[in-house]
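Only the coordinates and a few stated rules stand behind these numbers; no lab work does. Predicted model, so just to flag it, every value in this text is computed and none were measured. Neighbour counts run over all protein chains shown; Cβ positions are idealised from the backbone, glycine included.
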Amino acid sequence: MKRRIYTLILAVQIVCSPLYCQIGIYTDSPDASAVLDINSPSSTDNRGLLIPRMTTDQKKAIATPAQSLLVYDTDKNCISQNIGSESAPVWTCLTLFTGKFFYMPSINIETVTLGAATLNLFEIYKSQFTSPMYTSLGAPTIIPRFENATDLYYYITYHDPARITINTITADGVMNYTTIAKAGYDDYINIVFVLK
């Protein structure tokens with residue numbers, strides 16, 4: 001009776017050992033660097049991989065999302081990855097129509113009146129991208145843009161501190177500044193948007 005029990009335990013271990021190998025779909029030899037390797041069933045097949053699709057709010061509601069978890073964010077129209085941790089997720093877009101960063105459209109900042117002022121960088125960006133002055137033949141009349149101010153980070157990469165002082169920029173793109181002196185013809189500020 002004891003021999004049969006030991007034999008059964010040994011057989012279960014042998015059967016279970018393949019569970020730790022690679023998985024190949026439409027391939028008998030998965031790539032050595034992949035846990036899962038999916039190939040097209042034929043050279044004429046035109047199908048791809050479809051990952052879970054959800055809104056930004058649904059994505060943010062995922063409890064303890066694994067680091068590097070991927071979903072398709074239907075609000076941002078991008079493949080989104082958690083580059084943070086399970087306890088402190090940080091979602092970033094891997095694919096987006098505008099790339100990772102872009103410069104603020106050209107604007108004039110009034111410097112005649114000295115003192116404190118605010119400027120909503122996101123609203124200026126949104127208004128210029130909504131109604132461009134000219135488009136190429138066949139181009140949409142509205143440039144694709146982000147709907148939420150908090151989808152972006154805002155940076156000032158250059159300004160003349162003898163003309164203005166940048167006090168703060170809020171998370172939704174409102175810049176608070178103080179004008180010290182009237183701007184000259186060659187004064188400018190570089191404002192950069194970076195995708196979260």
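Could you state the angle between the C-alpha long axis of helix 2-16 and the longest principal axis of the C-alpha atoms of the chain, as a value from 0 to 90 degrees rounded to the nearest 10? Approximately 40 degrees, to the nearest 10.
Taking every lysine pair in the chain that is 8 or more places apart or spans two chains, those with Cα atoms closer than 14 Å amount to 6. Between THR64 and ILE25, the modelled labels are 2.7 nm apart [label points 7 Å from Cα along Cα→Cβ]. With springs only between Cα atoms under 10 Å, which of PRO65, PRO140, PRO105 fluctuates most in a Gaussian network model of the chain? Largest GNM mean-square fluctuation: PRO140. Over the chain, with a Gaussian network built from C-alpha contacts below 10 Å, which listed residue (TYR185, TYR154, TYR177) shows the highest mean-square fluctuation? For the chain, modelled as a Gaussian network with Cα springs under 10 Å, the answer is TYR185.
Fully extending the segment from ILE180 to THR44 would add 42.3 nm, taking 0.36 nm per residue of separation and subtracting the current Cα-Cα distance.
Taking springs between alpha-carbon atoms closer than 10 angstrom, which of LEU152, LEU69, LEU36 fluctuates most in the Gaussian network model of the chain? In this elastic network of the chain, the residue with the biggest mean-square fluctuation among LEU152, LEU69, LEU36 is LEU36. Treating the angle as unsigned and between 0 and 90°, give the value, to the nearest 10°, between the Cα long axis of helix 121-130 and the longest Cα principal axis of the chain. The answer is roughly 80 degrees. Taking square-rooted eigenvalues a ≥ b ≥ c of the alpha carbon gyration tensor, is the range 84-177 rounded, prolate or oblate, where a/c under 1.5 means rounded and, failing that, a/b exceeding b/c means prolate? Oblate shape, in that a/c is at least 1.5 and b/c is the bigger or equal ratio. Dividing the helix sum by the residues of the chain, where each DSSP H run of 4 or more adds -39500 (n - 2.57), gives a mean residue ellipticity at 222 nm of -4500 deg cm²/dmol.
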